[in-house]
1. Among the residues of the range 321-346, write down those that are among the small types (Gly, Ala, Ser), under 15 Å from LYS428 (Cα atoms) and away from ligand 2 (no atom under 15 Å from the Cβ).
2. Among the numbered criteria (1) open to solvent by 10 Å² or more (accessible area, probe 1.4 Å); (2) part of a loop (DSSP other than H, G, I, E, B); (3) within 15 Å of ligand 1 (Cβ to nearest atom), which single criterion is violated by ALA327?
3. Quick check, is ARG301 within 12 Å of ligand 2 (Cβ to nearest atom) and either among the charged types (D, E, K, R) or assigned to a strand (DSSP E or B) (or both)?
4. In the range 48-77, what residues are closer than 18 Å to ALA137 by Cβ and either outside the structural domain of THR27 (by TED's automatic domain parsing) or crowded, with 23+ Cβ neighbours inside 10 Å (or both)?
5. So for the range 481-497 (the condition being open to solvent by 20 Å² or more (accessible area, probe 1.4 Å), within 16 Å of ligand 1 (Cβ to nearest atom) and in contact with a Ser or Thr (Cβ under 8 Å, 6 or more places away or on another chain)), does at least one residue qualify?
6. Among what's in the range 164-195 and is more than 19 Å from the chain's Cα centre (by Cα) and assigned by TED's automatic domain parsing to the domain that holds ALA295, pick the residue that is surrounded by the fewest Cβ atoms within 10 Å (Cβ to Cβ).
7. Would you pick out the residues in the range 289-312 that are more than 22 Å from ARG174 (Cβ to Cβ) and in contact with a Gly (Cβ under 9 Å, 6 or more places away or on another chain)?
8. Scan the range 334-348 and report the pairs whose first residue is at positive phi and whose second residue is within 13 Å of ligand 1 (Cβ to nearest atom), with Cβ atoms within less than 7 Å and a gap of 6+ or a chain change.
Amino acid sequence: MEINVKQDSIQACDADTIIVNLFEGVTTPGGATGAVDAALDGAISELIASGDFRGKGGEVAVLYPRGAIRARRVLVAGLGRSDKFDLEQVRRAAGEAIKKARALNAQHVATIVHGAGIGRLPVALAAQATAEGTLLALYRYDAQKQDKEESWLKTVTIVEYDGQRLEAIREGVRYAEAIVAGVTLARDLVNEPPNIATPTRLAEAARSIAEETGLKVTVGDREWAQQHNMGAFLAVAKGAGEPPQFIILEHNVEREDLDTIVLVGKGITFDTGGISIKPGENMGEMKSDMAGAAAVLGTMRVVGLLDLPLRVIGIAPATENMPDAHAYRPADVIRASNGKSIEIISTDAEGRMVLADGLVYAGRYRPHAVVDLATLTGSAIIALGQNVAAGLFSTHEWLRDQLVSAGANTHERVWPLPLWDDYADEIKSEVADMKNSGGRFGGVGTSAMFLKAFTDYPWSHLDIAGVALSKKERAYSASGATGFGVRLLVEFLRNWHRAE
Ligand code: BES
Ligand code: MN
Ligand code: ZN
């Protein structure tokens with residue numbers, strides 16, 4: 001779906017369905033909503049007065065003009081309370097409204113930009129949020145179904161009366177379309193079943209991003225990883241039936257004058273736990289154990305589409321974690337590419353193994369910052385809850401602050417957790433430089449301290465185990481993969497100015 005921008009008044013435009021909005025507590029609508037209300041002889045005011053519609057977040061009212069204007073139906077989306085209003089309310093209102101329009105078999109929808117009027121949000125950001133909420137809400141994963149749900153929706157047009165705002169709106173929509181392409185890719189890769197979303201499939205996705213955007217792609221196979229002494233990555237891959245792939249996407253790699261940011265994503269395409277096998281219940285959810293890699297690929301797609309003025313590298317070590325006669329086992333001692341030896345306590349602590357070699361490889365680029373994303377621990381979910389926030393660990397305060405504020409802007413929230421040496425004590429080994437598991441307590445912290453041993457640059461780690469999937473449908477996200485991380489990282493990169 002494409003979003004067009006047009007100068008017009010919403011009550012006069014040529015669409016079967018128009019979308020306007022209302023703040024909670026407003027009794028006489030103003031702006032575009034007021035103009036529609038007037039054209040409908042006060043039908044919206046009456047709806048409010050009757051108490052049938054209050055403008056709460058998530059509410060969508062449907063009105064039938066019956067010839068009073070060109071549109072066959074008017075949707076009024078609630079924006080919630082004006083004192084709690086932000087871009088997230090815009091995305092949600094846009095998402096709920098377009099889903100309602102689709103359910104009513106609308107074909108040509110026109111919407112105003114939510115929040116740029118009395119909401120007082122900057123026009124470009126409000127337009128971006130309106131377009132993002134609209135497009136992301138329309139996403140569904142039905143590739144495996146023969147009987148797909150039909151959609152009549154053909155066009156969505158953002159209509160703006162004030163010609164001086166059009167440029168900013170077009171800019172916002174251009175960003176939104178690139179971002180949605182990245183989020184859609186990330187969601188698809190996570191939703192795809194693990195027999196399809198194999199390491200080879202992730203590598204193919206990286207190649208097609210490179211073809212589409214001009215990024216440079218390199219995919220290392222098992223032999224390549226051996227040449228790079230990636231013992232930790234290869235240990236996990238030992239039991240895998242699918243060939244492992246070490247995926248690298250580079251944007252502006254020759255431009256050493258630009259600041260360098262490396263993104264590293266955990267790419268376990270299915271995590272059985274290996275020899276330390278997981279219980280069967282809900283094991284299927286472990287198809288999402290490559291959500292970090294998916295977020296990195298999705299972000300790199302956006303970076304390429306927008307041609308961001310930075311040197312950005314995406315790295316995704318991808319393999320399955322399977323039990324097999326060749327699989328690595330507890331008590332094995334493994335050597336990572338920086339020479340550190342690792343005593344295996346649990347083969348189910350495999351994410352930190354593949355990330356170890358990914359983080360060492362990131363160091364080659366002399367990065368100003370490295371951010372890794374991983375569905376790393378169940379303990380992160382215990383700590384922060386499901387679909388609330390990702391756990392954030394940072395060696396540098398300025399990097400932490402940049403990510404927290406990008407998280408607040410996008411509502412892909414991240415929350416700081418400590419990198420204390422106490423956690424490092426738990427992964428000291430008698431036989432090797434470190435253990436790959438510190439046991440039950442503080443598992444999110446010990447896993448982060450493990451990763452830290454493979455970094456020598458400003459670094460942040462995001463444990464996204466609790467946010468990669470959603471059991472329920474949300475305003476602009478179907479149940480299943482959320483695509484978490486893409487919007488966050490793009491916002492982080494867009495606002496990149498080193499603050500150290
Ligand atoms: N992929 C899992 C973490 C996970 C759990 C993600 C639930 C999403 C939902 C990871 O590889 C894992 O198994 N972690 C173990 C580590 C332990 C063995 C040290 C965990 O968290 O239990
Ligand atoms: Mn595991
Ligand atoms: Zn895992």
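1. Start the filter on the range 321-346 by keeping residues that are among the small types (Gly, Ala, Ser), which leaves 325, 327, 331, 336-337, 339, 341, 346.
So of that shortlist, the ones also under 15 Å from LYS428 (Cα atoms) come out as 331, 341, 346.
ALA331, SER341, listed by residue number.
2. (1)
3. For ARG301, the condition - within 12 Å of ligand 2 (Cβ to nearest atom) and either among the charged types (D, E, K, R) or assigned to a strand (DSSP E or B) (or both) - is not met.
4. LEU75, VAL76, ALA77
5. Yes; the residues of the range 481-497 include at least one that is open to solvent by 20 Å² or more (accessible area, probe 1.4 Å), within 16 Å of ligand 1 (Cβ to nearest atom) and in contact with a Ser or Thr (Cβ under 8 Å, 6 or more places away or on another chain).
6. Quick first cut of the range 164-195, residues more than 19 Å from the chain's Cα centre (by Cα) only: 164-171, 194-195.
Then drop every residue that is not assigned by TED's automatic domain parsing to the domain that holds ALA295, which leaves 194-195.
Details: PRO194: 20, ASN195: 11.
Step by step, filter the range 164-195, then rank; the result is ASN195.
7. Filtering the range 289-312 down to residues more than 22 Å from ARG174 (Cβ to Cβ) leaves 289-294, 296, 311.
Passing the criteria: ASP289, MET290, ALA291, GLY292, ALA293, ALA294, VAL296.
8. none
The values are calculated or read from the model by the stated rules, or taken from the named source; none is laboratory data. Fair warning: this is a prediction, and the values are worked out from it, not measured in the lab. Note: ideal-geometry Cβ built from the backbone for every residue, glycine included; neighbour counts use all protein chains shown. Areas reflect the complete protein model, heavy atoms only, side chains present, ligands, DNA and RNA absent. Shrake-Rupley method; radii C 1.70, N 1.55, O 1.52, S 1.80 Å.
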